[in-house]
Amino acid sequence: MFSIAGRPSSSREFCDGVSRRDFLRIGTLAAMGTGGGWGLPEILKAESLSGKKSPKSVIMIYLVGGPPHQDMFDLKPDAPKEVAGPWRPIATNVPGFEICEAFPQLAKQADKLTVIRSLVGNQADHDAIQVFNGHDPKKPKPQGGWPQFGSMVSKVLGPALPESPPYVSLCYTCTHGPYNEPGPGFLGMSHSPFKPLGETRKDMVLNGVTLDRLSDRKSLLKGFDLLRREIDQSSMMNGLDTFTEQAMGLLTSSRLAEALDLSQEDPRVVARYGTGDPSIMMDGNGAPRVPQSLLVARRLIEAGVRVVTLNYSKWDWHGGTNTEGRANNSIFVREQEDFPVFDQCVSALVEDLHNRGLADDCAVVIWGEFGRTPKISPIVGRDHWPQVNCALLAGGGLPPWSDHRFDRSSGG
């Protein structure tokens, strides 16, 4: 699992005696909190003690292919040009903290962000498993595989509301297999994410069938199931039970369908996030650049979903000629295209969560499977760099940025 690299005991400490780079497990979407983690045990504890009706929730945004954090949140302007690149840092609303000049809107909200620039423990190959369950895909795993975080939440907590699934995936299917979600692992089909993209949306309305007729069909289905249960040897029926109940809940309540319908959102809010074309898979085999997915994620959280995952664009920028034959496909050309859109939609999400009173209960985690090389390659790209990685965190009741400042002099 990912961890934050430790430092010797001589490094500066907080008032509670914990070193600023003290060891922190980051696997399975644990995020930084005052006592160490924001993982599943902390979610359970916080939800039981909060006394609030709104459940604790997570939005995980997977930047497919591995983003270059040294061009985003950890610029080295005084380094040689083959390391520094052309971007320059700008000041944020946190004194002493600078980020890339392409992120002016995030700079205004830096006090609501936490940037971790010292994640270690990655492996060098593309594999979404690293961000969905925190395990090295090359190491031994149990029969069925490790479950992803949302599936664990589904198993342990279940739905927050009967008509909303605990876990929704807004991830688009990439043609490069390792970019896709690994699945529920040994927890089984019943804890797979609900996937409302594509044709599935058309099945979320009754299409003229009354609730009485739907109830009759459910009774008939149970009658047929008696025979199938007697011959079922694979426990598949357990998964089908979950999917059937989930489908009934979706059809008899408009909550989830309305959350997915952006035509019901204030047009000014939609414009604030921005929109993209979901049919264009970036660089051929990545995810599409769809900023409105972040808005849909916020709406799903409000509808009672506990975990929402989404994949966003493609960040595997090695340079050279791209799949469309464009000669100038340098990392910096791609960053000029992606950075402003990323700045707009992520700042909109953070702003939205705070304006709507969701920031204390919803944690946002943004990361990729590894970092990029400090040195720019001869074809003007940055290659895979598992030695250190970065994560951008927001919400979840995390303490202010000032509690999580890290020395720039170390950590890649």
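Do we have any residue at all in the stretch 50-62 that's free of Cβ contacts under 8 Å to residues at least 24 places away in the same chain and at negative phi?
Looking for residues that are free of Cβ contacts under 8 Å to residues at least 24 places away in the same chain and at negative phi, one finds at least one in the stretch 50-62, hence yes.
Scanning the stretch 298-318 for residues that are over 17 Å from T275 (Cβ atoms) and aromatic (F, W, Y), which turns out modelled with the lowest pLDDT?
Applying the filter and picking the extreme gives W317.
Does I331 count as surrounded by 21 or more Cβ atoms within 10 Å (Cβ to Cβ), over 21 Å from P166 (Cβ atoms) and of a type in the set (V, I, T)?
yes
Can you tell me which residue in the stretch 155-176 is surrounded by the fewest Cβ atoms within 10 Å (Cβ to Cβ), limited to those that are at pLDDT below 95 and small (G, A, S)?
G158
Condition check: closer than 16 Å to P196 by Cβ, modelled with pLDDT of 55 or more and of a type in the set (V, I, T). Does V269 satisfy that?
no
Taking into account only those residues within the stretch 110-129 that are among the hydrophobic types (A, V, I, L, M, F, W, C) and assigned to a loop (DSSP other than H, G, I, E, B), which is surrounded by the fewest Cβ atoms within 10 Å (Cβ to Cβ)?
It comes out as A124.
Does the stretch 326-362 hold any residues that are more than 17 Å from V58 (Cβ to Cβ), hydrophobic (A, V, I, L, M, F, W, C) and not in a loop (DSSP other than H, G, I, E, B), and which are they?
Once the filter is applied, which keeps residues that are more than 17 Å from V58 (Cβ to Cβ), hydrophobic (A, V, I, L, M, F, W, C) and not in a loop (DSSP other than H, G, I, E, B), the stretch 326-362 yields I331, F332, V333, F339, V341, F342, C345, A348.
For R356, state whether it is over 18 Å from S169 (Cα atoms), of a type in the set (K, R), touching a Gly at 6+ places or on another chain (Cβ under 8 Å) and touching a residue at least 12 places away in the same chain (Cβ under 8 Å).
no
Looking only at residues that are of a type outside the set (V, I, T) and without any contact (Cβ under 8 Å) to a residue 24 or more places away in the chain in the stretch 82-95, which one is farthest from V346 (Cα to Cα)?
A84
Look at the stretch 57-109 and say how many of its residues are part of a strand (DSSP E or B) and closer than 25 Å to W385 by Cβ.
9
The values are calculated or read from the model by the stated rules, or taken from the named source; none is laboratory data. In this text the structure is predicted, and so the values were computed from the model without any measurement. Note that we place each Cβ from the backbone using ideal geometry, even for glycine, and neighbour counts take in every protein chain shown.
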